[in-house]
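Structure first, commentary second.
The values are calculated or read from the model by the stated rules, or taken from the named source; none is laboratory data. It should be emphasised that the depicted structure is a prediction, and the values quoted were computed from it without experimental measurement. Note that we place each Cβ from the backbone using ideal geometry, even for glycine, and neighbour counts take in every protein chain shown. Accessible surface areas use protein heavy atoms only, side chains included; no ligands, DNA or RNA. Shrake-Rupley method; radii C 1.70, N 1.55, O 1.52, S 1.80 Å.
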Amino acid sequence: RGLPLFKVGSTTRSCTEGLWLYGSLGGADDDRSPLLAFLDCEGFGSTDSDRHRDSQLMTLCALLSSVLVLNTRGALSESLFNALALACRFAEHVEERGQEASRPALLWVLRDFMLELRDDSGRPLSPDEYLEQALRAAPLGGADEDRSQSAREVRESVMKFFGHRSCATLVQPAAEEADLQDLESVPYNSLRPEFRAGVEALRAQLIAACHASPKTIGGEPIGCRSFAALLRQLVEALNASKSLSVRGAWEAVQHGSCSRLADDLRAQGSEVLRSLASGQKLESGAALPISDEALRDLFRSQRHTLKLQWDEQAVGEEAVRKEYWQELKESLAREEVLVRQQNARLADQRLAETLKRWQEWLGDD
């Protein structure tokens, strides 16, 4: 539609309300390439934010992401660690043993970054080293031992949840204050070369990380339909002020989706079989009575067509998909028995009519 994918702004108010979702092939030309789903979450720190709600939204992103991109301004700080740690604790509470979502990698983007990265001895630091140094730094000692202990626990929570962590820095996108206040209208090619180089390197890093670690739940990769259904289930729970449960949401997604698909395919298959049994001619030209071999081929062809649709659309773990497919096959098998019986009756009827005509012909002689 020519609209921007995600809204951005230059004020302290949050531009994004709730969650926004955008799908992309990540620049690939092949439609069969894995789809990248970008979730834009209402971040923490805006002037009208709610800390509890912010943490819930970030928890959703952490539970559903392969890579969590945390976009903050300037240097790392204790308040940022505290906000992120709260979301980590939320996510750990939501996860249940045996049905955990794979943990995302953390890619911390520090925008408008103007500091020179060096350690205490003056040695240059990479952004990754800067992040690790900040996470592992001992809190300042002093009279407030409780505060120091809390700061240690915050860092440990972040490091425990995000096993793989990386950091990237971006300079200010424009040098002129007027441009910074109205970035949406500034053409990309007019932004600072250092900023564009950083963005392009960040994009390549992000896409590579997503392809390297596709999202899994309970060890099973989830596809586009599974992801969308799981996101919808969790968002509905959040909007209804219900407790979030990965296990509960995933179970509902699997069984609900497989049940609906089985009902749709059962209706589709049954319509063909009942039309055939009622004496109608199918699009393929088949009509009863036909030979037993031709009828077996027809059944086999229909099952093959339905199985292709099932494999393409079924959502969930293999055991769940197999269970519902087996029920669908058994249901259609009962309908096939009725068609076989009708085929036999029609064949007997046609044979009797043919014999009667032969007898009449012989009698005329």
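A few comments on the model shown:
- Cα gyration tensor, the stretch 104-225 - rounded (a/c under 1.5), prolate or oblate: oblate
- Translational diffusion coefficient (Stokes-Einstein; Kirkwood radius from C-alpha pairs) of the chain at 37 °C, 0.692 mPa s, in µm²/s: 129 µm²/s
- In this structure, the amide hydrogen of Leu125, modeled 1.01 Å from its nitrogen in the peptide plane, lies closer than 5 angstrom to those of Leu117, Arg118, Asp119, counting only residues at least 5 positions away or on a different chain.
- Simple label model, 7 Å out from Cα along Cβ direction - Trp358 to Ser213, nm: 7.6 nm
- Computed over all pairs of different Cα atoms, the Kirkwood value for the hydrodynamic radius of the stretch 245-365 is 16.7 Å.
- The chain, helix-only ellipticity at 222 nm - DSSP H runs n ≥ 4, -39,500 (n - 2.57), divided by all residues, nearest 500: -19000 deg cm²/dmol
- Probe 1.4 Å - accessible area at Arg203, Å² to nearest ten: 130 Å²
- Net charge contributed by nearby residues that have their C-beta within less than 13 Å of Gly198 (K/R +1, D/E -1): +1
- Proximal charge balance of Leu70 [Cβ under 13 Å; K/R count +1, D/E count -1]: +1
- Pairwise label distance in nanometres, Arg123 with Leu308, each label 7 Å out on the Cα-Cβ vector: 6.1 nm
- With the cut-off at under 15 Å, measuring from each backbone N in the stretch 272-287 to a point 7 Å along the Cα-to-Cβ line of Asp297 picks out 284-287.
- Length gained on full extension, Glu177 to Ala240, computed as 0.36 nm times the residue gap minus the Cα-Cα distance: 18.4 nm.
- Computed from label points 7 Å out along Cα-Cβ, the spacing between Glu323 and Ala344 is 3.5 nm.
- A Förster radius of 45 Å, combined with the Cβ-Cβ distance separating Leu115 from Leu35, puts the computed FRET efficiency at roughly 0.75.
- Protection-proxy order for peptides 278-284, 246-252, each taking the mean of Cβ atoms within 10 Å per residue, highest first: 246-252, 278-284
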